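Reviewing the structure listed below.
The values are calculated or read from the model by the stated rules, or taken from the named source; none is laboratory data. Here the structure is a predicted model, which is why all the values come from computation and not from measurement. FYI the Cβ positions are ideal-geometry reconstructions off the backbone, even for glycines, and counts take in every protein chain you see. Protein only, heavy atoms only, side chains kept; ligands, DNA and RNA dropped before computing areas. Shrake-Rupley method; radii C 1.70, N 1.55, O 1.52, S 1.80 Å.
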Amino acid sequence: LHLSIRRQRQMCIRDSNIPDLSNDLSTSSVFVFERLERISTALTPAQLREDPYAIGSMRFVVRNSENFSTDDELKFGFFIYNMQVDSGGKPDVTVEYNFHKETEDGEEFFNATSPQEFNEDTLPPQWNLAEGHQLLVGQDVPLSVFPVGSYRMEFAVTDNAAGNLLKRDVHFTVGE
């Protein structure tokens, strides 16, 4: 575990945090990445321990900088843990993303993307938390409409069934 965490810290924009997964609604660290690569063959458990960004048949290629240009996309993903599920093993979760631009006077709201819904109607029929499925969420946000500057993306995860709300931040910069 120590080697894996050390390796994650070297590869991530921000240090990875191990969330308290005991009871409360929580998320993993946010993975900001360049692209997803398809893995042609299934990895062994030993290979998965050495490749913390491989998930199923995909691998996150982690971005080494939080500085972007207007030609880039902000690509990110994270896991949500400890949400209440229905009898079919499905959650009722809403994720909202709000972008704030840093100004000389502090910060101002800039933009938001459409909320994402993860529930019985939007998840695949076979998705079931009790069978080990994980809730991986994220987006690719084009930065072409972002003026040059520093930003904070606030994401809010709402467990609608339990009435719990969790907020996290990701900071990034858009340059020319």
Looking only at segment 49-67, which residues are surrounded by fewer than 19 Cβ atoms within 10 Å (Cβ to Cβ), of a type outside the set (K, R) and in a strand (DSSP E or B)?
A54, I55, M58, V61, V62, N67
Looking only at segment 112-151, filter to residues that are open to solvent by 60 Å² or more (accessible area, probe 1.4 Å) and in a strand (DSSP E or B); which one of those is nearest to N82 (Cα to Cα)?
L136
Any chance segment 71-82 includes a residue that's surrounded by 16 or more Cβ atoms within 10 Å (Cβ to Cβ), modelled with pLDDT under 85, among the β-branched types (V, I, T) and outside any loop (DSSP other than H, G, I, E, B)?
no
Inside segment 14-48, can you point out the residues that are of a type in the set (S, T, N, Q) and either modelled with pLDDT under 75 or assigned to a strand (DSSP E or B) (or both)?
S16, N17, S22, N23, S26, T27
Being in contact (Cβ under 8 Å) with a residue 40 or more places away in the chain, exposed (fewer than 12 other Cβ atoms within 10 Å of the Cβ) and within 19 Å of G88 (Cα to Cα) is the requirement here; does A162 meet it?
no
Reported set for segment 166-176 where residues are under 30 Å from N82 (Cα atoms) and either buried (at least 16 other Cβ atoms within 10 Å of the Cβ) or touching a residue at least 40 places away in the same chain (Cβ under 8 Å) (or both) is L166, R168, V170, H171, F172
Residue under question is E102, and the condition is that it be part of a strand (DSSP E or B), among the acidic types (D, E) and surrounded by 13 or more Cβ atoms within 10 Å (Cβ to Cβ); does it hold?
yes
I'm checking my understanding of the structure. Among residues of segment 83-98 that are under 17 Å from S114 (Cβ atoms) and of a type in the set (A, V, I, L, M), which one is surrounded by the most Cβ atoms within 10 Å (Cβ to Cβ)?
V93
